[in-house]
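Here the structure is laid out as structure tokens; the discussion comes afterwards.
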Amino acid sequence: MVSSWLSLHPSYWFLGIAGTLNVLAFYWLFLAPRIYWRKRRVPRARHVPLLGSISDAALMVKPIGEVYSDIYNSRRDVRYLGIHKFSQPAFLLRDPEIIGKVLVKDFDHFPANEIHGDENLDPMFSRHLFALSGERWCRLRSAVVTCFTPTRLREIFDLLHEVCGYLDKYLEEGLANGGPFEVELRELCSNFSTSTLSTCALGVPCDAIRHPDVELRSMGRKLLEPSLKKSLSHLVFLQIPWLAKLLGIPFVPKEIREFFRNATFREVSRRERDDVTRRDFMQLLIQLWKEGKLSANCGDSKVTPK
């Protein structure tokens, strides 16, 4: 029997191998996703071969958040849904009771994050709270969560009020002549957000509203402005992390990573050199870095010598 098979013409071998590969491809693309969730008795979301349940995001028809929202609202009669992100299965919860158990009661059983960065390829994002898992995630979360208590956030209101003053002054100057005053609202909001980030988080006063050419704003554009290349890179990084690692795709480009790293180091060095404190998010992080905990009073509302 074996000798008769070996004596077949090479074309028959080719047809046999091609047919087998076609059957395997059909199973992997069409049947495997159905069988995966059917075996687990889980209702399944709409599935497109190769692209999974996020085909609209993969084809850049819709942003990924809107795609998940559509999936969530597509089956209001079920408590959870089985989806596929490309070929990777994922579990989408809809029932508030189950969500509460996962996030609160049984939270210790879900310590892993889905997104992981490569520390050599993307050292900034890989150490981010949303990219850590296990013990490292627990330690960092326990430390950082103390920065976001209502008391800590209220302490930053004075700085936020300062940024609002920049916006008020810009609008007053534009309306002063009594004539038409056109504002590109999206750009204005982006500049306001840049000023808020710089003043409240990085600890560097910044009026990007009246001076939109500051370096932080240009870096923000490079990081956030949509483009085909950027959208594809983020989609691969978030949804197919193994492929992103293979292709060497970081979530944060090196130029932007170096800018924020240098800006942070400069501000920390300045505060240590001049012995100053400031009631902002940067000061909380400096205290966590030095002491591992936050004290009741972490500086004055203005930059002042100790």
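The values are calculated or read from the model by the stated rules, or taken from the named source; none is laboratory data. As the structure is a prediction and not an experimental result, all values here were calculated from the model. When we count neighbours, we look across all protein chains shown, and the Cβ atoms used for this are built from the backbone with ideal geometry, even at glycine.
When the stretch 250-273 is filtered for residues that are aliphatic (A, V, I, L, M) and touching a residue at least 24 places away in the same chain (Cβ under 8 Å), the ones remaining, listed by number, are 252, 256, 263.
Do we have any residue at all in the stretch 109-132 that's under 27 Å from residue 256 (Cβ atoms), small (Gly, Ala, Ser) and in a helix (DSSP H, G or I)? Checked against the condition, which is being under 27 Å from residue 256 (Cβ atoms), small (Gly, Ala, Ser) and in a helix (DSSP H, G or I), the stretch 109-132 yields at least one hit.
Count of the stretch 127-157 residues, restricted to those that are more than 30 Å from residue 181 (Cβ to Cβ), free of Cβ contacts under 8 Å to residues at least 40 places away in the same chain and either out of contact with any Leu (no Cβ under 8 Å at 6 or more places or on another chain) or buried (at least 16 other Cβ atoms within 10 Å of the Cβ) (or both), is 20. What are the residues in the stretch 133-157 that are of a type in the set (Gly, Ala, Ser) and farther than 22 Å from residue 261 by Cα, if any? Scanning the stretch 133-157 gives 133, 134, 142. Just one of the listed residues (261, 186, 154, 210) is of a type in the set (Lys, Arg) and touching a Phe, Trp or Tyr at 6+ places or on another chain (Cβ under 8 Å), and it is 210. Determine, yes or no, whether residue 160 is touching a residue at least 24 places away in the same chain (Cβ under 8 Å), more than 20 Å from residue 223 (Cα to Cα) and in a helix (DSSP H, G or I). Spelling it out, residue 160 is indeed touching a residue at least 24 places away in the same chain (Cβ under 8 Å), more than 20 Å from residue 223 (Cα to Cα) and in a helix (DSSP H, G or I). Suppose we filter 201, 263 for residues that are in contact with a Leu (Cβ under 7 Å, 6 or more places away or on another chain) and under 28 Å from residue 166 (Cβ atoms); which single one remains? Result of the check over 201, 263: 263.
Anything in the stretch 167-213 that is modelled with pLDDT under 90, in a loop (DSSP other than H, G, I, E, B), of a type in the set (A, V, I, L, M) and surrounded by 13 or more Cβ atoms within 10 Å (Cβ to Cβ)? List them, or say none. Across the stretch 167-213, the qualifying residue is only 204. Kindly indicate the residue of the stretch 70-120 that is acidic (Asp, Glu) and at pLDDT below 85 and also farthest from residue 139 (Cα to Cα) among those meeting that condition. Among those residues, the one meeting the criterion is 118. When residue 164 is evaluated against the numbered criteria (1) among the hydrophobic types (A, V, I, L, M, F, W, C); (2) outside the structural domain of residue 262 (by TED's automatic domain parsing); (3) over 22 Å from the mean Cα position of the chain (by Cα), which criterion, by number, is the only one it fails? So the condition that residue 164 fails would be (2).
Residue 76 meets the conditions (1) closer than 23 Å to residue 232 by Cα; (2) exposed (fewer than 15 other Cβ atoms within 10 Å of the Cβ) in every case but one. The failed one is (1). Considering only residues in the stretch 214-235 that are of a type in the set (A, V, I, L, M, F, W, C) and in a helix (DSSP H, G or I), the one that is farthest from residue 62 (Cα to Cα) turns out to be 216.
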